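Worksheet: the structure to be examined is printed underneath.
The values are calculated or read from the model by the stated rules, or taken from the named source; none is laboratory data. Keep in mind the model is a prediction, meaning the values are calculated, not measured. So basically every Cβ, Gly included, is an ideal-geometry build from the backbone, and we count neighbours across all protein chains shown.
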Amino acid sequence: MSDTNYLDWPFFEPRHAELARALDDWSRTNISFEHGHDVDAECRALVRKLGQGGWLAHAVGGTAVGGAGEAIDTRSICLIRETLARHSGLADFAFAMQGLGSGAISLAGSAEQKQAYLPRVARGEAISAFALSEPEAGSDVAAMQCAARIDGDHAVLDGEKTWISNGGIADFYVVFARSGEAPGSRGISAFIVDAGTPGFEIAERIEVIAPHPLARLRFTNCRVPLSRRVGAAGEGFKVAMRTLDVFRTSVAAAALGFARRALDEALLRATTRRMFNQTLADFQLTQAKLAQMATTIDSAALLVYRAAWQRDQGRPVTREAAMAKMAATEGAQQVIDAALQMWGGMGVVSEQPVERLYREIRALRIYEGATEVQQLIIARELLRDVTSASAN
């Protein structure tokens, strides 16, 4: 690992530092920053490796079903994602989607659902997916149109989902659909849909700048047993938000990992690249940029691990998680751009580390709530506090 001083911060317990260092050692010999052209196959292989290494146990809640603890530990999730992101963006993706895809089951699933799905997720034997977004319902989840009609002991799903990570390779999907118990977000339910269920198809595979499995899903008269409903009828929005609350902070942690790798690459370039009879690091302009990069990373890290610590203490974390995601993803974009600038022409050569980081970071400023949405969340929470104080 590069800078490990943050592991001594009071947000962490000794087990967290041990986890981060052990994963860093494992990553050096088991995963690679580069990947080939068959991203689906590589993602499947990474899920198996992460499961065999025992790391996916941290993405699952409940020791009886393969989890590392009774509840998902947010600090552990964040440290794992930060560490994996420094070594491989695709490995970070593979880990995160196992947690996000099965998170609703960990948090709100029945005992039967947990036993049927979570042990296989933890072992890396089943790939999971979280199907919430739609063509006209991304950040505005309440605008969801995918419908679930109850027919006896089944729910019949009709509609589409898009931007679904692991779409096309997942073994099961937790799908959120409008079930109609009440208007808006109060009438949404969650269902587990196995790949291969009649009426469910992959409508389109989506290619993005940092390749990973992504797809648009289509449901046409797709019958799902009501025993596969996760949580109570009409409680799907709450289940989705609880799941995102766990993993939104970890998106910020992944951005930290990318930023730390970029700083390492910048330091390597600055201390080895010779110009005008000195190294790049000898220029004051370079030193100022390195100082800004390091400060940006530490500032974001403090917000990330404050949010993770707060959630693990059972405290409200909506505002803190939004601050962490905004600061870490926007800051990482700045750090990576500065690192690429130091590498000059080599920085834009395809598959060079900083070029890949440049592509990897861009999506993090959008998914699981774009930066602008995080700003709205933070302002809403601030204004709510003011209104509550005035009322009292």
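For segment 234-247, indicate whether the set of residues that are in a loop (DSSP other than H, G, I, E, B) and either of a type outside the set (Gly, Ala, Ser) or in contact with an Asp or Glu (Cβ under 9 Å, 6 or more places away or on another chain) (or both) is non-empty. Checking segment 234-247: at least one residue is in a loop (DSSP other than H, G, I, E, B) and either of a type outside the set (Gly, Ala, Ser) or in contact with an Asp or Glu (Cβ under 9 Å, 6 or more places away or on another chain) (or both). For segment 50-63, a tally of residues being out of contact with any Leu (no Cβ under 9 Å at 6 or more places or on another chain) and either in a helix (DSSP H, G or I) or assigned by the TED database to the domain that holds Ala255 (or both) returns 4. Out of Ser102, Ser185, one residue alone is surrounded by 22 or more Cβ atoms within 10 Å (Cβ to Cβ), assigned to a helix (DSSP H, G or I) and among the hydroxyl-bearing types (Ser, Thr, Tyr). It is Ser102. Scanning segment 2-43 for residues that are assigned to a helix (DSSP H, G or I) and of a type in the set (Gly, Ala, Ser) turns up Ala17, Ala20, Ala22, Ser27, Ala41.
Within segment 109-155, the set of residues being buried (at least 18 other Cβ atoms within 10 Å of the Cβ), modelled with pLDDT under 95 and part of a helix (DSSP H, G or I) comprises just one member, Val141. Just one of (1) surrounded by fewer than 17 Cβ atoms within 10 Å (Cβ to Cβ); (2) under 25 Å from Ala17 (Cα atoms) fails for Thr296. It is (1).
Residues that are more than 23 Å from Tyr173 (Cβ to Cβ), crowded, with 22+ Cβ neighbours inside 10 Å and touching a residue at least 24 places away in the same chain (Cβ under 8 Å): does segment 87-94 have at least one?
Scanning segment 87-94, I find at least one residue that is more than 23 Å from Tyr173 (Cβ to Cβ), crowded, with 22+ Cβ neighbours inside 10 Å and touching a residue at least 24 places away in the same chain (Cβ under 8 Å), so the answer is yes.
Can you say whether Glu34 is outside the structural domain of Ala215 (by the TED database), out of contact with any Leu (no Cβ under 7 Å at 6 or more places or on another chain) and farther than 26 Å from Ala170 by Cα, as far as the supplied structure shows? When the stated conditions are applied, Glu34 does not pass them. Number of residues in segment 335-346 that are at pLDDT below 90 and within 17 Å of Leu290 (Cβ to Cβ) equals 0. Residues of segment 347-377 that are of a type in the set (Lys, Arg) and in contact with an Asp or Glu (Cβ under 7 Å, 6 or more places away or on another chain): Arg365 alone. Have a look at Glu360, Glu351, Glu330, Glu265 and point out the one that is surrounded by fewer than 16 Cβ atoms within 10 Å (Cβ to Cβ) and touching a residue at least 40 places away in the same chain (Cβ under 8 Å). One residue alone meets the criteria, Glu351.
If you go through segment 268-289 and pick out every residue that is surrounded by 17 or more Cβ atoms within 10 Å (Cβ to Cβ) and in contact with a Leu (Cβ under 7 Å, 6 or more places away or on another chain), you end up with 3. Candidates Phe258, Phe219: the one that is more than 19 Å from Asp153 (Cβ to Cβ) and in contact (Cβ under 8 Å) with a residue 40 or more places away in the chain is Phe258.
Looking across segment 351-392, just one residue is of a type in the set (Ser, Thr, Tyr), within 20 Å of His35 (Cβ to Cβ) and part of a helix (DSSP H, G or I), and that is Tyr358.
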